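To start, the structure under review is shown below, and the notes come after it.
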Amino acid sequence: MSIESQSYGYTATGALVKPSWRLIPQIDRDPNLVAGVQSTSGRLLLWCTVVLLTVLFWRIGVDFSAAALAVACAYVARYRRALILLATVLLLYRSGFLIDRSFLERVAIAEGVADRIHQPLLEAVMLVVVLALFAGVLALQSSARTAIRRPTLSLLLVFLALVALTQATVTAGMPRVLLWSFLMTSQPYLWFLAYGLADAVKSRSPVWQRLSVFHPFWGSSLTPFGKGLAYLERFEAKTPDELAVTQLKGVKLAAWTLVLAIAKICLGELVHGYLQLPLFDDNLLQYLAGHPLPRLVGWASLVSFFVEDLLGMTVFGGVIIATARLAGFRLLRNTWRPLEATTLAEFWNRYYFYYKELLVDHFFYPTFIRCFRGHRRLRMFFATFMAACVGNLLFHFIRDIHFVGEMGLWRAVVGEQSHAFYTFVLATSVGLSQMRRAPKPASRGWLRRRLLPCLWVSTFFCLIHVFDAPLDREHTLWQRAEFLSYLLGVTT
Amino acid sequence: MTATPRPEIRSQMRRYVEQRLLMKGDGAPLHDDDLLFTSGRLDSLDAVELVMSIETDYGINFADIGFDLTRLDSISAIVALAGQPSAGTA
């Protein structure tokens with residue numbers, strides 16, 4: 001795994017590479033625009049541009065509404081932190097603080113206590129409890145005397161122990177409902193807390209500021225885009241000039257994301273509308289039902305799924321990062337030219353940067369500094385394996401923790417088999433790719449140095465999607481392997 | 001092993017970082033306070049190579065001091081880390 005650079009466009013000799021034509025102009029490099037955006041009329045123009053982009057995004061079903069809040073946050077200087085907190089609370093309130101309400105209602109009915117509890121009241125109380133607990137833990141971690149030495153490991157162990165406790169017979173009834181309520185309220189913020197705890201020893205910011213970026217208003221999945229407050233502070237614009245450049249970068253990225261979002265829609269229309277190609281999931285289901293579609297159709301749907309997934313990830317991350325930039329945080333992009341990756345490690349890095357960073361920060365580095373310190377290559381491979389396989393698996397298990405409540409712990413764990421295989425293959429391949437990574441000799445030519453490695457990397461990730469999508473607990477590893485064999489022509 | 005003087009650490013680390021940047025095709029000027037990792041110029045693989053180099057050359061055990069990428073994020077930060085009192089005693 002590596003944090004591939006996004007910032008430089010230099011050749012080996014140091015000369016800047018200037019593309020002759022760009023679809024989105026480099027507005028952040030125009031000194032007149034940078035100066036203009038700092039004036040009142042410039043700010044107004046920027047705001048209007050953001051509103052226009054929001055409307056265009058809305059027309060194609062993408063929510064960019066937080067961008068207006070972001071611009072407001074950027075201009076309030078001293079009160080920026082307070083406004084970030086307000087904006088975050090507002091948007092979290094709008095999305096029900098990301099609590100899976102229907103799951104909790106089902107648990108209450110299954111435990112026969114639905115008539116004895118008031119669900120919204122329980123959610124509100126649990127939210128207060130969770131926030132107070134998080135604040136307390138962050139405060140304790142800030143003190144050297146009370147700090148936990150392995151915060152992420154401790155956090156995960158506690159969370160998983162509570163999940164296991166939900167399965168105990170002694171917790172049947174109301175205790176189980178309360179336990180699930182606590183778990184489902186804290187789960188969306190778990191990795192934010194992990195970053196918060198890691199930051200606590202190096203950041204002197206008050207606890208409320210650290211909490212304000214738990215699912216910040218610019219957007220996130222369970223993966224924190226922008227990590228914790230300490231990371232964000234390093235990317236925060238410190239001068240009006242930096243703010244202007246950062247915001248123009250935000251506008252530029254939003255415009256590019258809009259282009260890609262439209263491209264994704266057009267591709268979907270062409271492939272699934274005009275050409276009537278089935279979705280990959282349907283293709284798999286048809287095969288499992290004993291009515292396989294022609295092999296060529298299977299390949300076409302797998303490739304189209306891969307391309308649509310890349311576009312979807314780019315749009316999803318682009319909207320979030322553009323919004324953060326408009327708020328004054330010059331974050332690196334989440335997805336950056338994944339098809340240009342020449343190694344497996346590089347692809348993973350370019351495809352979902354903040355998720356890869358999460359695994360690197362919480363699994364790779366901690367393993368690397370502690371295990372196999374005397375064996376250079378084994379040390380690297382094992383750390384990569386712990387991140388790409390163990391960390392990856394744990395992340396998804398926690399993300400889909402509702403399966404434990406719905407299927408029971410054992411079936412939920414067994415249901416991970418296909419994804420476990422996916423992460424094992426991924427980790428082993430990335431680990432080997434990582435160890436082999438070395439500068440390619442220039443004499444190999446463009447075809448062997450660039451095109452063939454890029455094609456191999458894309459083909460690899462396209463193929464292992466069979467074991468990863470759809471990521472449910474229904475289809476076994478064997479069924480997916482059979483489908484792949486069919487695609488490869490090994491079986492009929 | 002005796003502690004390495006700071007100017008020497010600085011020049012050693014500068015050479016090392018510049019070499020890694022050049023391997024990535026980044027020949028842009030490098031100042032002592034330029035951000036290396038959070039700017040995206042170096043990646044996590046460079047970080048672990050740097051860790052191994054510092055462990056070997058300056059006797060620092062990251063398992064003891066805790067890993068914090070910000071302590072490797074510029075030439076100045078690396079020099080401060082490698083030149084700290086506990087270093088060079090291994």
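Observations, loosely collected:
- Highest average packing first - A:341-351, A:153-163, A:376-386, Cβ atoms within 10 Å: A:341-351, A:376-386, A:153-163
- Taking the inverse of the mean reciprocal distance over all distinct Cα pairs, the Kirkwood hydrodynamic radius of segment A:95-235 comes to 16.1 Å.
- Relative contact order (%) - criterion: Cα under 8 Å, at least six apart; region: segment A:168-304: 15
- For A:Glu482, solvent-accessible area (1.4 Å; no DNA, RNA or ligand), Å²: 70
- Binned Cα-Cα distance frequencies in segment A:317-385 - 5 Å width, integer %: 4, 16, 18, 17, 17, 13, 8, 4, 2, 0
- Per-residue [θ]222 nm for chain A (sum of -39500 (n - 2.57) over DSSP H runs n ≥ 4, rounded to 500): -19500 deg cm²/dmol
- Furthest towards positive pole of dipole, A:Phe225, A:Ile321, A:Ala35, structure part chain A, Cβ charges: A:Ala35
- Model label zone, A:Arg78; criterion: amide N under 19 Å from point 7 Å along Cα-to-beta-carbon; scope segment A:185-215: A:206, A:209
- For chain B, the normalised intensity computed at q = 0.12, 0.18, 0.22 Å⁻¹ comes to -0.32, -0.74, -1.10 (log10 of I(q)/I(0), Debye sum over alpha carbons, equal scatterers, no solvent).
- Shielding of peptide A:382-389 by partners, expressed as the average count of other chain Cβ atoms within 10 Å per residue Cβ, is 1.
- Average silhouette area of segment A:249-488, convex hull of alpha-carbon atoms, in square nanometres: 16.2
- Net charge dipole, the protein assembly as shown: roughly 1200 debye, given to the nearest 20, about the Cα centre with Cβ charges of +1 for Lys and Arg and -1 for Asp and Glu.
- Model label points for A:Thr239 and A:Leu153, set 7 angstrom from Cα along the Cα-to-Cβ axis, are 4.4 nm apart.
- Residue mean of other protein chain beta carbons inside 10 Å, A:363-374: 4
- Per-peptide average of other Cβ atoms within 10 Å, ordering A:355-366, A:174-185 highest first: A:355-366, A:174-185
- Prolate/oblate/rounded label for segment A:111-168 (Cα gyration tensor, a/c 1.5): oblate
- Cross-link partners of A:Lys249 among aspartates and glutamates (Cα-Cα below 16 Å; sequence separation of 8 or more within a chain): A:Asp28, A:Asp30, A:Glu236, A:Asp241
- Average beta-carbon neighbours from other chains, 10 Å sphere, peptide A:198-209: 1
- The contact between chain A and chain B removes approximately 2700 Å² from the accessible area (both sides summed; 1.4 Å probe; ligands, DNA and RNA excluded).
- Among residues other than A:Gln247 with Cβ under 15 Å from its Cβ, the summed charge is +3 (Lys and Arg +1, Asp and Glu -1).
- For chain A, the ratio of Cα radius of gyration to the globular rule of thumb 2.2 N^0.38 Å stands at 1.03.
- A Cβ-based charge dipole, computed about the Cα centre of segment A:99-254 with Lys and Arg at +1 and Asp and Glu at -1, lands at about 500 debye.
- Checking the cross-link pairs A:Lys227/A:Lys264; A:Lys238/B:Lys24; A:Lys202/A:Lys356; A:Lys238/A:Lys356 against a 24 Å limit on the alpha carbon distance flags A:Lys227/A:Lys264; A:Lys238/B:Lys24; A:Lys238/A:Lys356 as lying beyond it.
- Restriction of the trypsin sites (Lys or Arg not before Pro) in segment A:210-246 to DSSP coil positions whose beta-carbon has at most 14 other beta-carbons within 10 angstrom yields A:Lys238.
- Potential lengthening of the chain between A:Asn32 and A:Trp456 amounts to 148.2 nm, from the contour at 0.36 nm per residue minus the alpha-carbon distance.
- In this Cβ point-charge picture (+1 for Lys and Arg, -1 for Asp and Glu), segment A:249-488 has a dipole of about 1660 debye about its Cα centre.
- Global form of segment A:284-339, assessed from the alpha-carbon gyration tensor, a/c cut-off 1.5: prolate
The values are calculated or read from the model by the stated rules, or taken from the named source; none is laboratory data. Worth saying up front: this structure is predicted, and the values here are computed from it rather than measured. Using ideal geometry, Cβ is built from the backbone for each residue, glycine included, and neighbour counts are taken over all protein chains shown. Only protein heavy atoms, including side chains, enter the accessible area calculation; ligands, DNA and RNA are left aside. Shrake-Rupley method; radii C 1.70, N 1.55, O 1.52, S 1.80 Å.
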